[in-house]
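Single-structure report; data block below.
The values are calculated or read from the model by the stated rules, or taken from the named source; none is laboratory data. The shown structure was predicted, so the numbers you read here are calculated from the model rather than taken from an experiment. Note that we place each Cβ from the backbone using ideal geometry, even for glycine, and neighbour counts take in every protein chain shown. Surface areas here come from the heavy atoms of the whole protein model, side chains and all, with no ligands, DNA or RNA. Shrake-Rupley method; radii C 1.70, N 1.55, O 1.52, S 1.80 Å.
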Amino acid sequence: MGEERSGRSHVLPLVVIGLITSACGIALGLSIHWFPTQASEESRNIDTLWDVLLIVSVPIFVLVETIVLYSVWKFRMRPGEELKDGPPIHGNTRLEVIWTAIPAIILVALCSYAYVVLHEIETADASEMQVRVVGEQFTWTFYYPSGGGKEIASPQLYLPEGKQVKFDVQSKDVLHDFWVPAFRQKIDAVPGITTHFRVKPIKTGTFPVVCAELCGLGHSVMRQDAHVVSAAAFDKWLAAQKAKAAGGGGGAAPAGGAPAGGAAPDAKTIFTSSASPACASCHTLSAAGATGTIGPNLDKFLKGKDAKFIQQSIEDPGAYVEKGFQDGIMPTNYKDTLQPEEIKALTDYLVKVATK
């Protein structure tokens, strides 16, 4: 009887400690900024789901750890009990039913809420626009419908604020994963399969696009940008790309260093841009302050090379692969995603700074 009262006397302090610890854990968890800025409508629902899971998970974790630590202390082996077996315990049917039913109810409730969130973020708007996303080692290319079954290719992702976008995600080679952290959603790009997800951007700005699936040696540099702009700015940008394509200037949108007007592209800016073609991420070139090591050192590799060789290396990198480097590392789509004048500017720049 005395032992029973003694056991009960420990319960209240444990409950108080558990409640205080849970409250502190929840407050701390909710105060931490786990994710980047919310740039899509879907990110709000996903972040709320995360908060709900955190609020439910912290007390459960505290409960389990409190019981474990209390049991380690209360039922520890005393001196002289090394050869003794513990007393036989029959069990408690009521307790077993409770600790089975409550977790089951919690899991069903959380799964139901998660399903509601998933259904909401997958619901299509009648006016949604489509963007085809193609991944390859080690770049993304974004294709916009241009009418007549044609498409406009861009190395940068441009999206209008406030309009739902459906991404059709594909891969040319290996498994990739298309992810814009500010949108919260990501999906695998699988060879031979088209996968999909939808977002509605709600915040203008520039947000990183990354590959979230290890896809080879250059995986870490498979990064570009998503530009969320006003609807008017997006329409203007898209019209400019259509005009360029119709005028024979190629279907690609300007890369990092290409001006929107008629001025010559800045080749050094294109070379050092973190967006596609992201040359500096893979190559060393002292004139550009680049120290990449995934591809050949251009200060050495291009010595004595001519403009024809350099242009071919940009447009068809598999035509010649330097000894000691793997074929297929450099993306093969620059002829599609760069303007002809950008390729020429890069070629002339490399001839000037690296071949002498």
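Pairs of Cα atoms in segment 26-174 fall into 10 Å distance bins, from 0 up to the last occupied one, in shares of 8, 20, 22, 18, 13, 9, 6, 2, 0 percent.
One entry in (i) 5, 25, 36, 25, 8, 1, 0; (ii) 5, 20, 22, 19, 16, 12, 5, 1, 0; (iii) 5, 19, 23, 17, 12, 10, 8, 5, 2, 0 is P(r) over Cα pairs in 10 Å bins from 0, in percent calculated from the shown coordinates; its label is (iii).
The label point for ASP316 and the one for ILE187, both projected 7 Å from the Cα toward the Cβ, are 3.5 nm apart.
A 1.4 Å probe run over the chain, with the rest of the protein chains in place, finds 56 Å² accessible per residue. For the chain, DSSP calls about 70 percent of its internal beta bridges antiparallel.
For the chain, complete DSSP H runs whose alpha carbons reach 18 Å or more along their own long axis and whose mean Kyte-Doolittle score is -0.5 or higher are 2-31, 41-74, 93-122, 231-246, 340-354. Computed from point charges on the beta carbon alone (+1 for Lys and Arg, -1 for Asp and Glu), the dipole magnitude for segment 106-257 about its Cα centre is near 380 Debye.
Take the Cα of THR37, step 7 Å toward its Cβ, do the same at LYS84, and the gap between the two points is 6.5 nm. Among the GluC sites (Glu not before Pro) in segment 120-181, those placed in a DSSP loop whose Cβ has at most 15 other Cβ atoms within 10 Å are GLU128.
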